[in-house]
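Data block below; observations after.
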Amino acid sequence: MAITPPEQRIWWNEPVERGEIVWIIIAFVWGLVMFFMMIWWHFTGQQNLSNEAYRIDPAVFGERTDAMVEQYTVGEEAGIPVVHPPPGSDVYMLSRLWEWWPILELEKDQSYRLHLSSMDWQHGFSLQPTNINLQVHPGYDMVLTVTPDQAGEFSVVCNEFCGIGHHTMVGKIYVVEPGQVG
Ligand code: CUA
C-alpha cells in the first residue's frame, strides 16, 4: 500500500507473487474444510438440535399455550401450572418478562414437538444441565422435535439479557417414566 500513485500505468496486470498464491490456496482449502466440518459436526458433534421457525403472532402463540395448559394441567408449583401433555403431541412453552411458562412434564423416550416463543422481548432458552441453547424471539414459533432420554428435573434458564429480572427468569421441565403422571 502506498499513498503515491503506482510507478507503472498498468499496475494491476502483474503476475501474482508465488507466496501470495500459496496463501490463497491454503485459505481456500481451509475454508472448504471448515464448511464440510459444519455438516459433519452437526451429525457427530452432539450439538444443538435443528429447529424449524415459523412466523406467528404472539397472541396466537399465547392462545395455543393456554389451550394446552387448560387441557392437560396436572399440578401447580408456586402458581405455575405443571402440564403433562400426551406423548407425540405439540407442547408449548412461552417466555416473557420474566418467566418460562408453564412447567412441562414429558415422558422419557417419547417424542414431542416443542414450540418456543416470546410474548415480549428476545430471550434465550438454555436447558440445564444438558446444554441445549436456542434464541427465542417474539413473532417466531421455534419448533424442535425432542425425545428426552433421561428422566429427572431440568432447568430452563434465560441466557439472553432481558432486563432487570433476567437473572430470575428460570423455568422447569420434568421428564418422568412413561405412563407416570406427577
Ligand atoms: Cu429472559 Cu433474560
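The values are calculated or read from the model by the stated rules, or taken from the named source; none is laboratory data. Since we're looking at a predicted model, the values are computed, not measured. Positions of Cβ are backbone-derived with ideal geometry, glycine not excepted, and every protein chain shown enters the neighbour counts. Protein only, heavy atoms only, side chains kept; ligands, DNA and RNA dropped before computing areas. Shrake-Rupley method; radii C 1.70, N 1.55, O 1.52, S 1.80 Å.
The table that follows gives values for the structure above.
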quantity	calculated
Cα pair distances in the stretch 31-182, grouped into 10 Å bins until the bin that holds the longest one, percent each	11, 40, 35, 11, 3, 0
Whole-Hz couplings from phi, Karplus 6.51/-1.76/1.60, listed for the stretch 85-98; x for Gly and Pro	x, x, x, x, 8, 7, 10, 10, 9, 10, 10, 7, 5, 10
Peptides 33-39, 2-8, 62-68 ordered by average Cβ neighbours within 10 Å, highest first	62-68, 33-39, 2-8
Between 0 and 90°, nearest 10: helix 58-72 axis offset from the chain longest Cα axis	40
Extension gain from residue 149 to residue 89, taking 0.36 nm per residue of separation minus the Cα-Cα distance	19.9 nm
Rel. contact order, % - alpha carbon contacts under 8 angstrom, at least six apart, the chain	20
Top positive-direction residue, dipole computed over the chain with Cβ charges, set 95, 27, 175	27
Reference-scaled alpha-carbon Rg (2.2 N^0.38 Å with N residues) for the stretch 105-180	1.15
With Cα atoms, 0 to 90° folded angle of helix 18-44 axis to the chain main axis	10
Most mobile of 135, 71, 122 in a GNM of the chain (Cα contacts under 10 Å)	71
Per-residue [θ]222 nm for the chain (sum of -39500 (n - 2.57) over DSSP H runs n ≥ 4, rounded to 500)	-8000 deg cm²/dmol
Cα centroid separation - the stretch 133-150 against the stretch 81-130, whole Å	8
Rounded to the nearest 10 Å², the accessible area of residue 166 at probe 1.4 Å	40
